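The values are calculated or read from the model by the stated rules, or taken from the named source; none is laboratory data. Everything numeric in this text was worked out from a predicted model, so none of it was measured. Glycine gets a Cβ as well: all are built from the backbone with ideal geometry, and neighbour counts include every protein chain shown. The area values use the complete protein model at the heavy-atom level, side chains included, leaving out ligands, DNA and RNA. Shrake-Rupley method; radii C 1.70, N 1.55, O 1.52, S 1.80 Å.
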Amino acid sequence: MVGNEEVVMETEATLKEPQPLCENVGKGNAEVSETVSRTDNAGESSSTQDPTVSNGDDSDEGKEMVDLKIIWNKNKYDLKIPLDGTGAKLKERIHSLTGLPPAMQKVMYKGLLPEDKTLREIKVTNGAKIMVVGSTINDVLAVNTPKEVIQQEVKAEENKKEPLCRQKQHRKVLDKGKPEDIMPSVKGTKERLPTVPLAGMYNKSGGKVRLTFKLEQDQLWIGTKERTEKIPMGSIKHVVTEPIEGHEDYHMMAFQLGPTEASQYWVYWVPVQFVDAIKDTVLGKWQYF
């Protein structure tokens, strides 16, 4: 009988042990309720935050800003950006507006916009119009593949030949001497394109020619006494340049308008300080991607 009593007592004790678990469950439910309450309060707190969405970075606060008009693909966008932001930063913001990757952008403001300089340094003013030219990656690859082939072929041919300025076809123009009304050259410097047409140069026929860069239309206008040819910059496959022997502060330059040498349009006595700006503006850095 004693043994049976012990068994009964152990059984009762066993049945009573789960009771603390129920208490814990109660406590757990209380904690869960408290957690939900906190979550609800947090939600209420979040909902009462300032709903204003900034068009720029939070770090833009307190900085001097400039309002710009971004024009791309016939679309116009308003953009406010720090005046001390760089051209590279501007490209990032244009990317957020248009979806056009920075590497695919050709950004124009009085010539090709430099990425390493600030908007203040290049004298961007409030309300300035920024022209953007660019295509999707697939379009660019489709267009640039033949350009790269042509560039390689042109360079290979150039390496085989004597200097361009000594060739007979160019010599007859260069022997006329430097034009009296040619723009002054500045050797050892690189400048952005001037706001006026480059004038006073010769073409292959020895006639006067001027170059006008219509950035809003993405066109190069080649003007002579007889007519003005309006050439889309995207159709220019390559730009050939070479210093004029004995006058290294001026270049002779050809715009490759087609697949053969016969489609090169030659211009003589281009001031050296504008050579790189012309090439970058016409071809754009994105051509190499």
- [ ] Collect the residues in segment 173-205 that are loosely packed, with under 13 Cβ neighbours inside 10 Å and either at positive phi or acidic (Asp, Glu) (or both), keeping them in residue-number order.
- [x] Asp175, Gly177, Glu180, Asp181, Gly188
Task: Considering residues of segment 235-263 that are polar (S, T, N, Q) and over 28 Å from the mean Cα position of the chain (by Cα) only, the residue modelled with the lowest pLDDT - done: Thr260
Open item on the list: Tell me which strands (runs of 3 or more DSSP E) are completely within segment 187-278 and hold 1 or more residues being in the same structural domain as Gln169 (by the TED database) and among the small types (Gly, Ala, Ser), or say none if there are none.
Closed with: 198-203, 219-223, 247-256
Open item on the list: Being modelled with pLDDT under 50, over 23 Å from Phe213 (Cα atoms) and either open to solvent by 40 Å² or more (accessible area, probe 1.4 Å) or not in a helix (DSSP H, G or I) (or both): is that true of Val66 here?
Closed with: no
Task: Residue in segment 101-121 that is in a helix (DSSP H, G or I), open to solvent by 40 Å² or more (accessible area, probe 1.4 Å), farther than 20 Å from Leu193 by Cα and modelled with pLDDT of 90 or more present - done: no
Open item on the list: Kindly evaluate Asp60 against the criterion of being open to solvent by less than 20 Å² (accessible area, probe 1.4 Å), more than 16 Å from the chain's Cα centre (by Cα), among the acidic types (Asp, Glu) and modelled with pLDDT under 85.
Closed with: yes
Open item on the list: Consider segment 154-172. How many of its residues are open to solvent by 70 Å² or more (accessible area, probe 1.4 Å) and either hydrophobic (A, V, I, L, M, F, W, C) or modelled with pLDDT of 90 or more (or both)?
Closed with: 2
Task: Extreme residue, modelled with the lowest pLDDT, among residues of segment 122-147 that are open to solvent by less than 70 Å² (accessible area, probe 1.4 Å) and in a loop (DSSP other than H, G, I, E, B) - done: Ser135
Task: segment 220-234, residues that are exposed (fewer than 15 other Cβ atoms within 10 Å of the Cβ) and more than 23 Å from the chain's Cα centre (by Cα) - done: Thr224, Lys225, Glu226, Arg227, Thr228, Glu229, Lys230
